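A short write-up of the structure that comes next.
Every read-out reported here was derived from the displayed coordinates using simple, explicitly stated rules and does not represent laboratory data. On a predicted model such as this, the values are computed, not experimentally measured, just so you know. Cβ coordinates were reconstructed from backbone atoms using ideal geometry, including for glycine residues, and neighbour counts include every protein chain displayed.
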Amino acid sequence: MTGVDEVAYDGKVHVRGECCDRCLLSADRLVSGARARQLVADTRAVPGATFICHRSQVSDEPTAICRAWWDRFAAEDPLLRLVVAWDLVTFEEVR
């Protein structure tokens, strides 16, 4: 879990361009279903929190919001809706 400030740089909020193969929100996640549900619940309980793609944490890819997280929850998050309205979102190309 992180705040938007960790994925906001260069004047944009960065979102991964596509889902990775081990996404927390996929059937092929690296943790149990129960752990994934707890991580989602804990993150969503914090205003302004989001989930960083784990791939960007272990590679040289830029830090970015998990694409599946974005697709599922961005429309429900007031802060993320604002960055969309202000055209401050960029989707990172996956290397």
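General remarks:
- The stretch between Ala27 and Thr63, if pulled fully straight at 0.36 nm per residue, gains 10.7 nm over its current Cα-Cα span.
- Chymotrypsin sites (Phe, Trp or Tyr not before Pro) restricted to region 10-95 and DSSP loop, no more than 12 other C-beta within 10 Å: Trp86
- One decimal place: the segment Phe91-Arg44 gains 14.8 nm when fully extended, by the rule 0.36 nm per residue minus the C-alpha distance.
- Cβ-based charge dipole, the chain, positive-most Cα from Val94, Gln38, Cys66: Gln38
- Calculated over the chain, the projected area of the Cα convex hull averaged across directions stands at 5.7 nm².
- Computed from point charges on the beta carbon alone (+1 for Lys and Arg, -1 for Asp and Glu), the dipole magnitude for the chain about its Cα centre is near 400 Debye.
- Restricting region 56-95 to GluC sites (Glu not before Pro) in coil, as DSSP defines it, with at most 13 other Cβ within 10 Å: Glu93
- Net length available on complete extension from Lys12 to Glu76 is 21.1 nm, with 0.36 nm assigned per residue and the Cα-Cα distance removed.
- Relative contact order (percent, whole number), the chain, Cα cutoff 8 Å, 6+ residue spacing: 41 percent
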